[in-house]
Amino acid sequence: MRNLRLLRTSGCRPAAAPGSPRCFCLGVDPGTVFVGSQSGLVELDCAAQSVVRELSLAAEGFMPEDGSGCIIGLEYLPEQECVCLATAAGDILLCNLGTKQVECVGCVDSGLSAMSWSPDQELVLLVTGQQTLIMMTRDFEPITEKQIHQDEFGEGKFVTVGWGKKETQFHGSEGKQAAQRKQTEVSPASSWDDGKPRVTWRGDGQFVAVSAVCPETGARKVRVWNRELMLQSTSEPVSGLEQALAWKPSGNLIASTQEKPNRYDVVFLEKNGLLHGEFTLPFQKGQVKVNELIWNADSTILAIWLEELETVNSNPNSYVQLWTTGNYHWYLKQSLHFGNLEKNKLVSLLWDSVLPYRLHILCQGWHYLSYDWHWTTDHGMGENSLHVANVAVIDGAKVLVTAFQHAVVPPPMCTYELQLKQAVNQIAFHTDPRCSGDMAVLDADNRIFVYRYGQSTVKDPTVRLGATGGNGFKANVEIPHLDKTYRVDLGSNTDEMMNPLRLRFLTWLPDDSFLVVGQDQHSARSVLHHLTAAPHITGAEEEQLNLRYWRSEMILGLTDRCRFFVNDTEVASNITSFATYNEFLLVTTNSHTCQCFCLKNMSVKDLQVALSSVAAPNSETLRKVERGSRIITVVPQDTKVVLQMPRGNLETVHHRALVLAQIRKWLDRDEDFTKTMYPSLYSTSNDQPRHQPEQKKVNLICDVMRAAMECIDPEKYCLSILTAHVKKNPPELETALQKVHDLRENISPHAAAVSAEEALKYLLFLVDVNELYDYSLGTYDFDLVVMVAEKSQKDPKEYLPFLNTLRKMETNYQRYTIDKHLKRYTKALGHLSKCGPEHFSEFLNLVKDQNLYCEALKLYSSNTQEYKDISSLYGEYLMEKQLYEQAALILARAGIFAKALDAFLNSGSWQQALCMASRLGYTKDKLSNLARSMAGKLVEQRKHAEAAMLLEQYTEDYEEAVVLLLEGAFWEEALRLIHKYDRLDILETNFKPAIVEDYEVPNCPEFDLLSETSSVVTPSDMSSRYSHSNSRISARSSKNRRKAERKRYSLKEGSPFEDMALLEVLGENVRAVDSVRGDVHVLLKQLVLFGFDEQAEGLQQVLEEVLQLMETSIPEIWTPALQQSSLNPVLGPNSTANSIMAAYQQKRMVAPAVQDPELLVAPKLNKNLQWKLHLFQ
């Protein structure tokens, strides 16, 4: 029920061109056209509207100078970048317009009447003047030559099996007289037939058909040849068969025309030569002739070039008609009238080989035209009208209208039809929702017929009821009437070049004016016109519409390549059709689904995501449809969606989304019925908690309903109880199958009880049979499995051998095999553990493959060897994951101390490592080496105190221990060891120099925090000497981290967040100085202890001054206004219009949003820490 709508048109009309055109072909580049005339070859550039190159064949001697020459074939060869043409004189030429070179690759003395290349351009077929066929390769090497007229039928000759005599066969309504009837003689070809052969190739290039006039009968015959020119078949005798010939690219039919005694038909022949269907052209006998038939590339449109038979007083009119078929009916969708001027006479036409809906036409006056078509469905667009479900289909001079609110009938049947005098090209429904059933019809003569509903009691003769419009006496539906007829004034001269279909995209506006897109006369651009009615002339049958330019843009929603746009955004690339209905958008996709989306609260981005994502299996937005289905219309105030199948029949579906939306409107409620209508079921129940957001409502209702039915009568409500189990999420299929199993084991004597067979059949209605088969297998009940399998489509050869193999197994190993097959690995592991030690290796492989270490450990006692083997395997797995400490714990408790020691060492747990060494019985030397190795790692991690403990206690190297303590600034612990081992000499050699060195670091000139902010000592510099952190991050990673943090805000002058960078650095410095006071206090005590009073006093004084400076500077840096803006920003999610205006009135600056609002909060100094020594106060 689709119509062809003109999408765009373009053309070329060069100012000057030699001679008269005879034929044309297309180049590879868009807009390049090669035209052959009686004198030579011309290349046109449609974009430039001019002749680009010209090649005179008369000058080269291949065409006569008097213009009597004729080009009978033209083909562009892209690989050779030249044009191949054949002349009637018999020359075959290769012409390169770029180099002006002409090469004669062959010559036939008897002349040529046709040249045709195969679709793959591998072969070329020539028809000579002696009625012979010559097949040649692309390099013009002859393959074979055959006579056109053959006495034999061909290789596909029919075989008579001899079943009965003709006299005894059934002859239908004609009776037995048909057996004695002689065959009617075939009438010769029409008088206007030029007698020339016609050639057409099948789309795959495997066969070629040739139509030629038989010299004996004078009638045309069609013969089919293969690529080696072996005759395949000859057409049956067809009286009145004409010259037009076109093989459908899909390969099933050959189209031609036939003149019959009372009508003019387009007939179709099969490859075997037999007739197979026809349709009648809308002309009287002897009125027109068909020059050519041409199929488009995808075999959906048949173009017919017609011409009136010559008249005495005027030139004949030319027409091009576009026909399509659906549901075994042929529709005339478009009719192009070229008038009767000599310069508008058609020369040739062809379809584009790349774009299947682009038609190319060349006229006698060097006027080249190109038309692009696309499919559309014309239907009412309103919401509240009674006629919005009307769909109109163009069928020549008739418009077939189907009112889907009344009945859904397949085309070509309809509710009523509009009969016009000329062929219809466009239909537009009124855009006013109140009268969306009204139609405007544009015919081939640029007249607009306006049909309206109501306001007329006189029967309109142009409106006729169809198959479902009435019962013959009274119409069941309201029909429209012809209200007005307009003629569009194109403002063109009758002598200028004709351009049919100059108007497209007809739109009927609510103010009863029209919008239409036209073609600019002097350029290739489109122009939008506004059609308004001219003053009405009394007594005139037609009113006139004047053209006005309309400056606005039009946006196409769906392209012919399935790209779906919303405004200028592409939201999907797999949409085949769409329709809107209230707030819903319905689309069909290439994946054979119909999706429905509510656009009320959906953005374009949300729609794009929804169309690109996979919908949930039970989503209400999606339903599957038949392959190739397209949306015709959606019936308003209903849920019917009318779809048309590729073969033409209709199907009506009720989309779940529309059904639920309609139900919601009827209910007109937005409440939780469990709290309003049925509150007692939940408010007084103590079994279910009141607030369970993680428990779904469906599961809750299913449980409550099931419990109630089981209490009342479990046998009566057996099927409903099964439904409650199955409809939970996730479904409780095992429980449902167990109930079916119980029904089979415990047969109830009650007459109304449900049998196991009935229950299983009901379950199969709710659940996919393959899924149910897997669950039944998981019950280990083979009888139940067989019951389910018998209900499925499974082949017994598939499941019976598997079940028989399982029956032979030991019970535990049998259940292990089943669970592993169902991928229930935890259960499989439990069954396998009971199969004995001979299957333990298989047990370990399953544990390792599925990472079931925790589940495996629970199956064995901790004192068994199996437990130890599993723990060893688990430990190795954890060490691969770099979970060394957890691996060590698993290994240690299983008694695998050697592996546990390595794991503890990798985790840094030196205490546990020493314990494992003890369990392994390490000697003193081996233990010392282990301790020294661990101490080195601890020093790398800046854990000097722990490293010193290892060296002192396990290696007895107290000197190195003291050095490590001094390096880590553990002064008091170092003193303890010095006095413990009576090594007071270390005080002079190591201790005192260390504390003096430590004093000098923070007392360096760079410690002046009031110098340039860029030279402020960073927190890491200040605290590196006193860091007692247990962090194991390496210095390199810390450096990288600090570098990444500094990149966030730059201190460079003039940078966007220079002020934030200053706040960040100043805050870090304040916190660093505040944290270093404890370490300074320890250092002061050691300086005083060893008589460095001057240095200690200076250090205390400097730090005290810095702290005082910070305390006074913090309120100046972090002002109250700055801190308040961090709590209540002027702009933010909690701001209102009043608060923003109040902030501007108070002259508060609107600070830009920052990533770290905590930088605006002032740091705090810890005043409770007592760090100063009384000696220096």
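The values are calculated or read from the model by the stated rules, or taken from the named source; none is laboratory data. Since the structure is predicted, the reported quantities are computational estimates derived from the model, not experimental observations. We place every Cβ from the backbone using ideal geometry, glycine too, and count neighbours over all the protein chains shown. Just so you know, the surface numbers come from the protein's heavy atoms only, side chains and all, with ligands and any DNA or RNA stripped out. Shrake-Rupley method; radii C 1.70, N 1.55, O 1.52, S 1.80 Å.
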Residue tally, condition buried (at least 16 other Cβ atoms within 10 Å of the Cβ) and either in contact with a Cys (Cβ under 8 Å, 6 or more places away or on another chain) or of a type in the set (A, V, I, L, M, F, W, C) (or both), over region 804-843: 11
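Residue-wise test of (1) at pLDDT below 65; (2) open to solvent by 40 Å² or more (accessible area, probe 1.4 Å); (3) farther than 21 Å from L133 by Cα.
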{"position": "T168", "(1), (2), (3)": "yes, yes, yes"}
{"position": "S190", "(1), (2), (3)": "no, no, yes"}
{"position": "G205", "(1), (2), (3)": "no, no, no"}
{"position": "V210", "(1), (2), (3)": "no, no, no"}
Any hit, region 93-109, residues being crowded, with 19+ Cβ neighbours inside 10 Å and either small (G, A, S) or touching a residue at least 60 places away in the same chain (Cβ under 8 Å) (or both): yes
Residue list for region 323-354, filter: in contact (Cβ under 8 Å) with a residue 40 or more places away in the chain, out of contact with any His (no Cβ under 9 Å at 6 or more places or on another chain), open to solvent by 20 Å² or more (accessible area, probe 1.4 Å) and not in a strand (DSSP E or B): N327, Y328, G339, L341, S353, V354
Strands (runs of 3 or more DSSP E) lying entirely in region 571-610 (those with 1 or more residues that are touching a strand residue (DSSP E or B) at 6+ places or on another chain (Cβ under 9 Å) and open to solvent by 50 Å² or more (accessible area, probe 1.4 Å)): 575-581, 593-598
Number of the condition not met by Y922 [criteria: (1) out of contact with any helix residue (DSSP H, G or I) (no Cβ under 8 Å at 6 or more places or on another chain); (2) closer than 22 Å to A900 by Cα; (3) not in a helix (DSSP H, G or I)]: (1)
Elements of type helices (runs of 4 or more DSSP H) contained in region 723-827, each with 3 or more residues being closer than 26 Å to D703 by Cα and either modelled with pLDDT under 85 or not aliphatic (A, V, I, L, M) (or both): 733-745, 756-766, 769-777
Strands (runs of 3 or more DSSP E) wholly inside region 405-490 containing at least 2 residues that are open to solvent by 10 Å² or more (accessible area, probe 1.4 Å) and under 20 Å from K333 (Cβ atoms): 416-419, 424-429, 447-452
Among residues of region 110-146, those that are among the hydrophobic types (A, V, I, L, M, F, W, C) and open to solvent by 40 Å² or more (accessible area, probe 1.4 Å), counted: 1
Residue that is farthest from R504 (Cα to Cα) [pool: residues in region 1-19 that are within 31 Å of the chain's Cα centre (by Cα) and part of a strand (DSSP E or B)]: N3
Meets criteria (surrounded by fewer than 17 Cβ atoms within 10 Å (Cβ to Cβ) and part of a helix (DSSP H, G or I)) for Q1108: yes
Of all residues in region 20-48 being open to solvent by 30 Å² or more (accessible area, probe 1.4 Å) and not in a loop (DSSP other than H, G, I, E, B), the one that is modelled with the lowest pLDDT: D45
Hits in region 280-292 (condition: out of contact with any Asp or Glu (no Cβ under 7 Å at 6 or more places or on another chain) and assigned to a strand (DSSP E or B)): E292
Hits in region 736-769 - residues which are under 18 Å from D819 (Cβ atoms) and open to solvent by 60 Å² or more (accessible area, probe 1.4 Å): Q738
Evaluation of E236 against (1) open to solvent by 10 Å² or more (accessible area, probe 1.4 Å); (2) under 19 Å from E145 (Cα atoms); (3) not in a strand (DSSP E or B) (one fails), failing number: (2)
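Yes or no, residue by residue, for (1) modelled with pLDDT of 70 or more; (2) under 29 Å from S928 (Cα atoms); (3) touching an Asp or Glu at 6+ places or on another chain (Cβ under 8 Å):
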| residue | (1), (2), (3) |
| --- | --- |
| R942 | yes, yes, no |
| A948 | yes, yes, yes |
| E973 | yes, yes, no |
| F991 | yes, yes, no |
| H1028 | no, yes, no |
| R1036 | no, no, no |
Exclusive hit being more than 20 Å from A392 (Cα to Cα) and either in contact with a Ser or Thr (Cβ under 6 Å, 6 or more places away or on another chain) or exposed (fewer than 15 other Cβ atoms within 10 Å of the Cβ) (or both), set R627, R647: R627
The listed residue being within 53 Å of the chain's Cα centre (by Cα) and modelled with pLDDT of 90 or more, out of V159, V105: V105
Matching entry among I870, I890 (being open to solvent by 20 Å² or more (accessible area, probe 1.4 Å) and in contact (Cβ under 8 Å) with a residue 12 or more places away in the chain): I890
Filter pass, K728 being in the same structural domain as N804 (by the TED database), among the basic types (K, R) and surrounded by 19 or more Cβ atoms within 10 Å (Cβ to Cβ): yes
Hits in region 899-911 (condition: over 18 Å from N863 (Cα atoms), assigned to a helix (DSSP H, G or I) and among the small types (G, A, S)): A903, S907
Hey, L386 at pLDDT 90 or above and of a type in the set (A, V, I, L, M) or not: no
Residues that are outside any loop (DSSP other than H, G, I, E, B) and surrounded by fewer than 20 Cβ atoms within 10 Å (Cβ to Cβ), drawn from region 308-322: E308
